[in-house]
Amino acid sequence: MSCFDVQSFRQQFAFFTQQPSWVYLDNAATMHKPTAVIDAITLFYQQQNSNVHRGAHSLSQQATTRYEQARADVAQYINAKQAAEIIFCSGATAALNQIAFGLMHTVLQPGDRILLTQLEHHANIVPWQLHCQRHGVIIDVVPLTKDNQLDLDAYNQLLKLKPKVVSFCQISNVLGHIQPVKQMIAQAKLVGAITVIDGAQGIVYEQPDMQQLDCDFYVFSGHKLYGPTGIGVLYGKFDRLTELTPIFAGGEMIDQVSFVNTTFNQLPFRLEAGTPNIAGVIGLSAAINWLQKFNIVEMQKHKLLLLKHFYSGLSAIKGIDLLSSPVHNAGIVAFNIIGEHHSDVADLLNQQHIAVRAGQHCAMPLFSYIQQRGAVRCSFAAYNTLDDVNQCLLALEQAVEILTA
Ligand code: PMP
């Protein structure tokens, strides 16, 4: 039994008192922000607003200190070896684009292979594809088993092709399935591959430990960790980051510039061109510092309780086709009402102020593979309650009645 106090946790979020009619089950898309995060951003803009790394005045120096402290906070949270391994960017998408672009100009050569999986979000497919097509690099894809889990035997077989890069999601944003990341990284390392982990959904599931995972790169977005939108993290081992060609060039990332040549700044600044999202960085570190006041393991247990309850309710509803497996699931459930369009189901839920997502969830190759047009997705966060789950189940029962009448 979980000893997590969901009601007092929920009180940390103004949204739930100001919009009490909503049941919010679209957490895999973005999460609500606690007052601690909103206050930190407001305070910065009201009292401290200034650019970083460049001002002659003390406001700028204070903003710089705050910004660099945030980098240290993130480094500590994910147990990076040093703060310079944390690159701030706009989100997981930006980070994956930087990695794909950066490696394609240095490490990857024509004829090399990259290994992705059938579960990937477009953000971990298209950036690679854009460059692979141009540079003659081949993409291989790990298939799924019958219950839509990653086929780990096939993964091992595909590793025999000696991919230079292996890039995969820690948790599927559609199905919620959790990959055995540590084991997969270790196996990829045996064939000398560079490992990239898309932690967009994983970052809120558990506190990741970079030194223990030993991946080369790990990316996530702040807004899926109770932080603001428009801010994310590209973690990379220091030596790996030095191999990346910067995707953006401009101010801050340079050392000397002339019209003949440019020399570059040291890490992390070399990969952070232009004025960064300072308020976003401050908001992200506020989220991380706030989150550490709670027991993440207990929060996860609470989410699993919601998941279990939702699954047993769903399986009692006639005509539900479950795409997600309850095994190795982080609290994201994709399903359909047989014969009905996912958007019609989501519309009916929306009419009752139940927020879910419907569609292909930026994972078209997965939907082609499992031969579905799309799905309804309910995703749980620690602030959701059993009452939220019950309301959703009731609304789904009514949706089945209405649609199949
Ligand atoms: N990867 C996964 C697994 C995701 O769930 C998402 C967001 N849905 C992304 C990448 C991209 O994140 P963002 O849109 O915040 O850049």
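Per-structure values
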item: FRET efficiency, 1/(1 + (r/R0)^6) with R0 25 Å, evaluated for Lys160 and Asp239 via beta carbons; result: 0.45
item: Nearest-10 value in Å² for the accessible area of Asp214, using the 1.4 Å probe; result: 60 Å²
item: For the chain, share of DSSP beta bridges that run antiparallel, in % to the nearest 5; result: 60 percent
item: Exposure rank, largest accessible area first [Arg134, Arg10; 1.4 Å]; result: Arg134, Arg10
item: Extended-chain gain in nm, criterion 0.36 nm per residue less alpha-carbon gap, Gln76 and Asp153; result: 24.3 nm
item: Heavy-atom accessible area order for Thr30, Thr65, largest first, 1.4 Å probe; result: Thr65, Thr30
item: Segment Val327-Met364, length gained on full extension (0.36 nm per residue, minus Cα span); result: 11.0 nm
item: Cβ-derived FRET efficiency at R0 30 Å, Tyr45 paired with Val126, nearest 0.05; result: 0.30
item: Projected label distance in nm at Asn289 and Thr17, using a 7 Å step from Cα toward the beta-carbon; result: 2.2 nm
item: Area of Asp344 that stays accessible when all protein chains are in place (1.4 Å probe, Å², to 10); result: 70 Å²
item: Contour excess over end-to-end distance, with Cα ends at Lys146 and Arg54 and 0.36 nm allotted per residue; result: 27.6 nm
item: Label-to-label distance, nm, for residues given as Phe259 and Val191 (7 Å Cα→Cβ offset); result: 5.0 nm
item: Probe 1.4 Å, all protein chains present, accessible-area order of Tyr77, Tyr45, largest first; result: Tyr45, Tyr77
item: Whole-number percent relative contact order across region 38-291, with pairs defined as alpha carbons under 8 Å at least 6 apart; result: 25 percent
item: Accessible carbon and sulfur surface of the chain relative to its total accessible area, %, 1.4 Å; result: 53 percent
item: Set Lys160/Lys189; Lys81/Lys189; Lys237/Lys293; Lys237/Lys301; Lys224/Lys303 screened for pairs whose C-alpha atoms are more than 23 Å apart; result: Lys237/Lys293; Lys237/Lys301
item: Å² per residue, accessible surface of the chain at 1.4 Å; result: 42 Å²
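The values are calculated or read from the model by the stated rules, or taken from the named source; none is laboratory data. Computed from a predicted structure; not experimentally measured. Heads up, the Cβs are rebuilt from the backbone with ideal geometry, glycines too, and the neighbour counts pull from every protein chain shown. Only protein heavy atoms, including side chains, enter the accessible area calculation; ligands, DNA and RNA are left aside. Shrake-Rupley method; radii C 1.70, N 1.55, O 1.52, S 1.80 Å.
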